[in-house]
1. Please name all residue pairs, on different chains or six or more residues apart, with Cβ atoms under 6 Å, provided the first residue is in the stretch 125-153 and is within 17 Å of TYR96 (Cβ to Cβ) and the second residue is among the small types (Gly, Ala, Ser).
2. Have a look at LYS131, LYS139 and point out the one that is exposed (fewer than 13 other Cβ atoms within 10 Å of the Cβ), under 18 Å from MET87 (Cβ atoms), over 15 Å from the mean Cα position of the chain (by Cα) and not aliphatic (A, V, I, L, M).
3. Strands (runs of 3 or more DSSP E) wholly in the stretch 56-137 with at least 1 residues that are of a type in the set (Gly, Ala, Ser) - which ones?
4. Test GLU101 against the stated conditions and say whether it is surrounded by fewer than 16 Cβ atoms within 10 Å (Cβ to Cβ), on the phi > 0 side of the Ramachandran plot and either among the aliphatic types (A, V, I, L, M) or more than 14 Å from the chain's Cα centre (by Cα) (or both).
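Read-outs: derived from the displayed coordinates by stated rules, not from any lab. Every value quoted in this text rests on a predicted model; they were computed, and no experiment measured them. Methodologically, a virtual Cβ is constructed for each residue, glycine included, from the backbone with ideal geometry; neighbour enumeration extends over all protein chains shown.
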Amino acid sequence: MKRLIKLSLILLIITSFGCTSDPYNCTTSPPSVTFEFVDKTSGENLFKNGTFDAKKAVTITDLNENKIIQYAYLKEDNLYRLGFNAMGWDAGTFKYAVKIEDKSIFEFQVSTEKRKSEHCSSTVITSLEIKNVEFQEDKTTGVYKILIDTQNQ
């Protein structure tokens with residue numbers, strides 16, 4: 001019995017030293033884009049101030065596949081924001097149209113590519129083009145503020 005315990009202990013020590021854990025954390029999420037819809041003049045969030053109804057869906061159409069995708073809002077610091085990551089981990093160019101309450105707001109195009117390092121790989125956004133609307137990118141948060149002229153709607 002003692003011999004079996006010693007042998008088991010020796011085998012455990014040998015196998016423990018032979019195992020190495022992966023020191024690299026290669027967990028990545030798909031690339032994402034965040035939009036906030038604000039009044040062009042006042043800068044107010046149009047969902048927070050009631051101009052748009054937060055209970056109604058924002059419709060995003062994948063123009064490459066003519067497929068409609070609907071998203072929920074992210075609420076952060078009392079600002080309603082739309083997070084978008086439908087590109088997944090695929091590399092390529094993706095085109096989308098955004099509608100709020102059946103009104104066409106803007107189109108955007110995202111280009112992504114796969115990048116590999118010595119130990120990990122990920123998908124990154126290489127370019128983002130927003131069409132048919134004015135916008136500002138907040139360089140600190142990465143949020144794209146979509147500037148909507150509510151006086152001419």
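1. Close Cβ pairs (under 6 Å, with a partner that is among the small types (Gly, Ala, Ser)) amount to THR126/SER111; SER127/SER111.
2. Values: LYS139 fails: under 18 Å from MET87 (Cβ atoms).
Exactly one of LYS131, LYS139 is exposed (fewer than 13 other Cβ atoms within 10 Å of the Cβ), under 18 Å from MET87 (Cβ atoms), over 15 Å from the mean Cα position of the chain (by Cα) and not aliphatic (A, V, I, L, M), namely LYS131.
3. Values: elements: 58-62, 67-71, 73-76, 79-84, 92-100, 103-116, 121-131, 134-137.
In the stretch 56-137, 79-84, 92-100, 103-116, 121-131 are the strands (runs of 3 or more DSSP E) which contain 1 or more residues that are of a type in the set (Gly, Ala, Ser).
4. yes
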